[in-house]
Amino acid sequence: MVNAAKEKLVIILILTLALGQLVRIPIEYQGLQSIYITPFDLIAVILVTLWIMSRPNLAHAELAQPIATFAGLALLSLVVNARNLLPNELITSFLYLFRWLMLASLYFIVKDFTLQFKKRLLGWLVLSGMLVVLAGIIQYFFYPDLRNLYYAGWDEHLYRVFSTFLDPNFVGAFFVLNFILMLVLALHTRSVAWKFRILVIGAVLTLVAILLTYSRSAYAMFFVTNIMLLLLTKKKMLLIFMAVFIIGIILLPKNLPGEGVNLARTASVAARQQSMERAVKIWQDHPLFGIGFNAYRYAQKQYGFLPEDNWQTLHSAAGTDNSFLFVASTTGTVGLLSFFYLCYSILRITWRQKQRQISQVVLVSVVGILVNSLFINSLFFESILAWIWILVGIREKN
């Protein structure tokens, strides 16, 4: 009965990924600000609580040690820096660590499911991903302007697909993850004609959505993952998709209003460079344990990097445009090394089974998101991280 409940909750959890940032409940209690709860969070808490009550055995989980090491050092970084944070700031920062642990718990939960149910989960992931894709395409034509939500801390995106994530760069990375999953499934289901056609059509729609994000970090991730898939599978279909993608970039409308549709834009490059320089500065000043995970917003405020009027609500204030610099500045060098160890462990374990369909999905997805995270903080974006942990859990044999 407990297993059946966990299975249903995981399916619901996957479907709530499609809601993105549309449903957010703000928490404002005794100075707690910049904290939001989503339906995904609520379901995840119930799921993880149910899992803990079932007294799981973590002894045989391949990634238990790397996950525990990073989580422990992240907590230590907060303890070391507790004196520099107000009580409400410390609580807020700890809640981010709590959320990361909940997301990592998805790996432990999913890995214990039966092989048959894991295969079903891949289908639910595709469905959730396609809901985000379709929402993005509809949004592009009927709601292309996000400038009216600038007051709420969102960037002013215009004539770009941002879908339910309200951000073209993060949703672009999510689209690529969905594209990888559908493409690998298609390559392994060519004998079932109707499944193959559905997956290819979905992949084509996702490719179009990626193009319409005008996100160069998503474009880079797309090419890296497709080249890696080509090397792993030797399937010529990938060359066709890459050729279509290049033609699509050339044919994209570039005379629309807004700097975001200009693929040669330099303003965002300068902004990312400044963001990374600030992260390096914070890391240099706090080299061992950083400023505490995730106390980045408060460190930026202390350094004078944020505007006084909206520093508590500005979404970009909570991170930097590079996931590794984010880890380095918040958990220090020790945290960064443990994070490298976690990423390496996932890749090493998956590489040993690279001939398996799911291992190819995980391997290419993780490498792709690692590349993408050099430009945006995608490794700590909730929907992306949940997708990765679920895939990693599916890959591990029960």
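The values are calculated or read from the model by the stated rules, or taken from the named source; none is laboratory data. Everything quoted here is computed from the prediction, not taken from an experiment. Backbone-built Cβ (ideal geometry, glycine too); neighbour counts: all protein chains shown.
Observations on the structure shown:
- S345 satisfies every condition listed in (1) in contact (Cβ under 8 Å) with a residue 40 or more places away in the chain; (2) surrounded by fewer than 18 Cβ atoms within 10 Å (Cβ to Cβ); (3) touching a Ser or Thr at 6+ places or on another chain (Cβ under 9 Å) except (3).
- Long-range neighbours under 7 Å by Cβ, at least six apart or interchain, first residue closer than 13 Å to V10 by Cα within the range 47-60, second surrounded by 11 or more Cβ atoms within 10 Å (Cβ to Cβ) and of a type in the set (V, I, T): L47/V10; L47/I109; W51/I109
- Residue under evaluation L63, criteria (1) over 22 Å from A386 (Cβ atoms); (2) touching a residue at least 60 places away in the same chain (Cβ under 8 Å), criterion not met: (1)
- Extreme residue, surrounded by the fewest Cβ atoms within 10 Å (Cβ to Cβ), among residues of the range 96-139 that are of a type in the set (S, T, Y) and modelled with pLDDT of 95 or more: S105
- From the list L238, L205, L232, L212, the one residue that fits, being farther than 23 Å from S359 by Cα and either surrounded by fewer than 23 Cβ atoms within 10 Å (Cβ to Cβ) or in contact with a Ser or Thr (Cβ under 7 Å, 6 or more places away or on another chain) (or both), is L205.
- Test for L86: is it modelled with pLDDT under 90 and more than 20 Å from the chain's Cα centre (by Cα): yes
- Annotation note: Cβ proximity below 7 Å between a residue of the range 69-80 that is without any contact (Cβ under 8 Å) to a residue 40 or more places away in the chain and among the small types (G, A, S) and a residue that is part of a helix (DSSP H, G or I) and surrounded by 17 or more Cβ atoms within 10 Å (Cβ to Cβ) (sequence gap 6+ or interchain) occurs for no pair.
- Test: residue in the range 354-373 that is outside any loop (DSSP other than H, G, I, E, B), surrounded by fewer than 16 Cβ atoms within 10 Å (Cβ to Cβ) and without any contact (Cβ under 8 Å) to a residue 12 or more places away in the chain: no
- Those helices (runs of 4 or more DSSP H) of the range 172-252 in which 1 or more residues are among the polar types (S, T, N, Q) and closer than 26 Å to K118 by Cβ occupy 193-212, 216-233.
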